1. Got at least one residue in segment 56-68 being assigned to a helix (DSSP H, G or I) and under 22 Å from residue 162 (Cβ atoms)?
2. I'm checking my understanding of the structure. Among residues of segment 49-69 that are without any contact (Cβ under 8 Å) to a residue 40 or more places away in the chain and under 16 Å from residue 95 (Cα atoms), which one is surrounded by the fewest Cβ atoms within 10 Å (Cβ to Cβ)?
3. Could you please let me know if residue 73 is assigned to a strand (DSSP E or B), within 24 Å of residue 180 (Cα to Cα) and touching a strand residue (DSSP E or B) at 6+ places or on another chain (Cβ under 6 Å)?
4. Exactly one condition in (1) within 30 Å of residue 41 (Cα to Cα); (2) touching a residue at least 60 places away in the same chain (Cβ under 8 Å) is not met by residue 135; state its number.
5. Could you grab the pairs with beta carbons closer than 7 Å, sequence gap of 6+ or different chains, first residue in segment 78-103 and at positive phi and at pLDDT 95 or above, second one surrounded by 14 or more Cβ atoms within 10 Å (Cβ to Cβ) and part of a strand (DSSP E or B)?
6. Any residue in segment 156-170 that is at pLDDT 95 or above, farther than 20 Å from residue 64 by Cβ and crowded, with 16+ Cβ neighbours inside 10 Å?
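The values are calculated or read from the model by the stated rules, or taken from the named source; none is laboratory data. Because the structure is a prediction, the values reported are computed rather than measured. Virtual Cβ from ideal backbone geometry, glycine too; neighbours counted across all protein chains shown.
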């Protein structure tokens, strides 16, 4: 077999492997990231700090995921039904809306109307935060991020190329929050 033939065979094996991985990962209907942290703060304090938090403070650039540079809310971000535009450093935007707010327990939101390349892959992103008082002035925080793909090919691309970076972006944001809430 010639060098060209061996190279062609290796490329075919690699492509087949990548396609198989993408298809296997598309079996997960909605790509999801769930992260947790425990903070040294009562649930009320953690909740009241996180719900209206400044997005540019916690969302820094991670690899190809741009940082948030500003939002346009006109009032404190803590009531169900509020919406705001989120502006990213690459010039793109998205609309974020608060869906539920249960004081000291949980809140949820959706992000949609992406102007970035994500508009080709995702219909929307749903986020949810849960706060559990575990005693001794500590709160367990659980943050879930669901990316609703536009179609099965988008689901494969999200699972194969995007979800790990999204996880790290959220973990970085939660580390900043934890550092803000935990006493020195």
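1. Going residue by residue through segment 56-68, those that are assigned to a helix (DSSP H, G or I) are 56-58.
Okay, now just the ones that are also under 22 Å from residue 162 (Cβ atoms), so 56, 58.
Checked segment 56-68: at least one residue is assigned to a helix (DSSP H, G or I) and under 22 Å from residue 162 (Cβ atoms).
2. First, pick out the residues of segment 49-69 that are without any contact (Cβ under 8 Å) to a residue 40 or more places away in the chain: 52, 54-56, 61, 67-69.
Checking the rest, the ones that are also under 16 Å from residue 95 (Cα atoms) come to 52, 54-56, 67-69.
Values: 52: 13, 54: 11, 55: 19, 56: 16, 67: 15, 68: 19, 69: 14.
Residue satisfying both the conditions and the ranking: 54.
3. Working: assigned to a strand (DSSP E or B): no; within 24 Å of residue 180 (Cα to Cα): yes; touching a strand residue (DSSP E or B) at 6+ places or on another chain (Cβ under 6 Å): yes.
When the stated conditions are applied, residue 73 does not pass them.
4. Among (1) within 30 Å of residue 41 (Cα to Cα); (2) touching a residue at least 60 places away in the same chain (Cβ under 8 Å), the lone unmet condition for residue 135 is (2).
5. What qualifies is 81/98.
6. Among the residues of segment 156-170, not one is at pLDDT 95 or above, farther than 20 Å from residue 64 by Cβ and crowded, with 16+ Cβ neighbours inside 10 Å, which makes the answer no.
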